[in-house]
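Heads up, the thing below is written out as C-alpha cells.
The values are calculated or read from the model by the stated rules, or taken from the named source; none is laboratory data. From a predicted model like this one, the values you see are computed outputs, not experimental measurements. Note that we place each Cβ from the backbone using ideal geometry, even for glycine, and neighbour counts take in every protein chain shown. Only protein heavy atoms, including side chains, enter the accessible area calculation; ligands, DNA and RNA are left aside. Shrake-Rupley method; radii C 1.70, N 1.55, O 1.52, S 1.80 Å.
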Amino acid sequence: MLARRACGGTSPNPMVGALLYKDGRIIAEEYHRKAGQPHAEALVLRQAGAEADGATLFVTLEPCCHTGKRTPPCTDAIIAAKVRRVVAAMEDPNPAVRGRGLEILGSAGIEIKSGVLQDEAKRLNEAYNKYITTKTPFVILKVAMTLDGKMATPDGQSKWITCEKSRSYVHRLRSQVDAVLTAIGTVKADNPRLSARGRGLKSPIRVAIDPMLETPPDFEICKTPPRTIIVTKREADPGLEAAGVEFIHYDGCLDLKWLMRQLAQRQITSVMIEGGASLTGHAVTEGIVDKVVFFIAPKIIAGMGVFCPVASKHFRDIGSPYEVFNMKARHLGTDIVIEGYLR
C-alpha cells in the first residue's frame, strides 16, 4: 500500500496514499511523507498535471478541507484540477474535517464514494485515529517471554530471551512509534538505548519513569537521539539538563492516563511500552493499553519467584479477564509472535 511506505514518518499526521486513474490506467500515484510536507493528493495532482481532468482519485483518507495548518486544503486543489470522482477509504475523524471534505467535493459536482476498504484504512491509521479523537496516544504493550511465561531469571537476566529475527522486528516496531516508555528498573538493569537500529529506521523518543531521578547522565538513553523525557517527582537535575533531557513532573502516585495526556500535548501520537513486570501490570490495570505484542521463545527457565510478564496487586478472575481480540499468531525465526487488541 502506498500510504504504508511512510510508516512511522508522518506523525502527528496520518499515513495517506493517493492515485489517479483514467482511461483504464493509473496516471499518477503518490503518498504523504512527513508532517508539514505536501499531502498525497497535492503530490499526485502535481504529478498528473492536466491529465487529472476527468480522472478518478483514490485516496486512503478523506481529503482535508481546513485551513490554519502548514499545507493548503486538498479539496481546493482537487476541485481546481477538475477531478471527476473521488473514492476515499474512510472519513477523516479529525473534528476539523469529519465528512466536510467529501461534502465540499460533492457540492462542487464531484462524484463521491467513501468506505472502500474502510477496516484496512482504520487499522493503517489506528494511532492517528485514537490521538485525533481522544487526545491520547495509541499504546502498544511489547513483552518478550519464555514458553513457561518468564521475562527474566530471579537475578534479572533477560538477554537474550528472543531470537535475532524477533529483535529485528522490535527495532522496526520502535521506528513506527513516536515514543518508547520504560521505567527506572529497566534503565538501571540494562542501560538500554531503546533505539531503532537498521537501515532507514528512525529512533523514537524515550520516556523513562524515574520517580527519584536515579538515571545517570552518561547512560545510553540520555545520549541517544532524538531525545529523552524523564517522568519524575524530583526537581530537574543539572547534569541531565545538560545532556538535553526534558522533564515531566508529578506528585504522589503516577497516573498513567494523566501521563498519556501529557505526552499527547507534546504531539506524541503512539507509544510502545518496554519495561518490567510492574510497569506492564500498571499499564494493563490502568487501562491505557490498546494493542499487545507478545514474543514467546521456545525456552523454559522454570524456578520459583521468577519474573512474570504482567504483575499487579490485583487480578481478574477467569470469568472476567482482560480479553485480547483480533489476535494473530505467526512464527518469527524460532519464536512465536502474538499480536492483538485489548478490549
Nearest-0.05 FRET efficiency for Tyr21 and His331 at R0 = 51 Å, using Cβ-Cβ distance, is 0.85
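Of Lys159/Lys299; Lys34/Lys257; Lys188/Lys299; Lys257/Lys291, which pairs sit farther than 18 Å apart, going by alpha carbon to alpha carbon?
Working: Lys159/Lys299 13 Å; Lys34/Lys257 28 Å; Lys188/Lys299 25 Å; Lys257/Lys291 16 Å.
Those over the limit are Lys34/Lys257; Lys188/Lys299.
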Here P(r) for the stretch 234-316, Cα-Cα distances in 5 Å bins, as whole percents, is 3, 10, 17, 19, 19, 14, 9, 7, 3, 0
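Based solely on its DSSP helices, what 222 nm [θ] is calculated for the chain when runs of n ≥ 4 H residues each add -39,500 (n - 2.57) and the sum is averaged over all residues, nearest 500 deg cm²/dmol?
Details: 11 runs with 87 residues, N = 343.
Counting only the DSSP helices, I get -7000 deg cm²/dmol.
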Of the convex hull enclosing the alpha-carbon atoms of the chain, the direction-averaged projected area in nm² is 19.8
Rounded to the nearest 5, the percent of antiparallel DSSP beta bridges in the chain equals 40
For His314, the accessible surface traced by a 1.4 Å probe with all protein chains present amounts, in square angstrom to the nearest 10, to 140
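Under a point-charge model restricted to the Cβ atoms of Lys and Arg (+1) and Asp and Glu (-1), what is the dipole moment magnitude of the chain relative to its Cα centre, in debye to the nearest 20?
Details: 46 positive and 37 negative charges, 118 e Å.
Here the chain has a charge dipole of around 560 debye.
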Mean separation of Cα contacts under 8 Å (at least 6 apart) over the residue count of the chain, i.e. the relative contact order in percent, is 16
Straight-line reach check, Lys130, cutoff 13 Å on alpha carbons, 8 or more apart in-chain or any other chain, hits among aspartates and glutamates -> Asp92, Asp290
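Sort His331, His282 from largest to smallest accessible area, using a 1.4 Å probe on the heavy atoms of the protein chains. Don't jump to the answer; show the numbers that get you there.
Working: His331 140, His282 95 Å².
Of His331, His282, the descending order of accessible area is His331, His282.
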To the nearest 20 debye, the stretch 246-327 has a Cα-centred charge dipole, built from +1 on Lys and Arg Cβ and -1 on Asp and Glu Cβ, of 120
Residue by residue through the stretch 52-59, the couplings from Karplus 6.51 cos²θ - 1.76 cosθ + 1.60 with θ = phi - 60°, in Hz, x for Gly and Pro, are 5, 4, x, 7, 9, 9, 9, 9
Of Ser107, Ser175, ordered by accessible area with the largest first and a 1.4 Å probe, the sequence is Ser107, Ser175
Interchain or sequence-distant (5+) residues whose placed amide H lies within less than 5 Å of the amide H of Ile273 are Ile140, Leu141, Lys142, Leu181
